[in-house]
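Have a look at the structure below before the remarks.
The values are calculated or read from the model by the stated rules, or taken from the named source; none is laboratory data. Please read these numbers as outputs of a predicted model, since none were measured by experiment. Every residue, glycine as well, gets a Cβ built from its backbone with ideal geometry; the counts of neighbours run over all protein chains shown.
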Amino acid sequence: MSIRIREIEPSDNAAVAKMIRGVFEEFDAERCGTVYSDPTTDNLYEVFRNPKSVYFVAEEDGQIVGACGIYPTNGLPEGYAELVKYYLPAKARGKGIGRELMERSTAAALKMGYTHLYLESLPEFSKAVSIYEKQGFKPLEKPLSTEHPGCNLWFLKKL
């Protein structure tokens, strides 16, 4: 098994969108008002051309097996970025890929000068939520952004 983590490339768009939507389908998670129905999910390479953002993909034997990024989401306070579109299909879980993606994303956020990371999630992703909390994310009572109104769990981590 050889895992390679790199920044997203234009040719990754379709595979990443399919992987993200597959995770939603696996957990029968809310699709309306989430990244599942967000049209930008099909064009993540273009979305992450923003200079204060980065999106990493994990690749195993030429297949996308995870992704995670940092984005200056509208509505967030100065110095805050969102940990976004962090998904791994079942076959990639439990191998340390998710931890590596989060560590790379956090390091990139620090390098870009961010002071806090915000994230949104859903109860269906309870296993991921426990990982966020182990990584130092604290639950919030309300969202800091309204980009994905279908999400109903919000977290913040001071870097």
Surrounded by 21 or more Cβ atoms within 10 Å (Cβ to Cβ) and at negative phi: does that describe Ala90? no
Exactly one condition in (1) modelled with pLDDT under 95; (2) farther than 20 Å from Gly66 by Cβ is false for Phe125; which is it? (2)
For residues that are surrounded by 17 or more Cβ atoms within 10 Å (Cβ to Cβ) and touching an Asp or Glu at 6+ places or on another chain (Cβ under 7 Å), scanning just the range 6-27, find the one that is farthest from Leu83 (Cα to Cα). Asn13
If Glu30 passes every condition in (1) surrounded by fewer than 16 Cβ atoms within 10 Å (Cβ to Cβ); (2) assigned to a loop (DSSP other than H, G, I, E, B) but one, which one does it miss? (1)
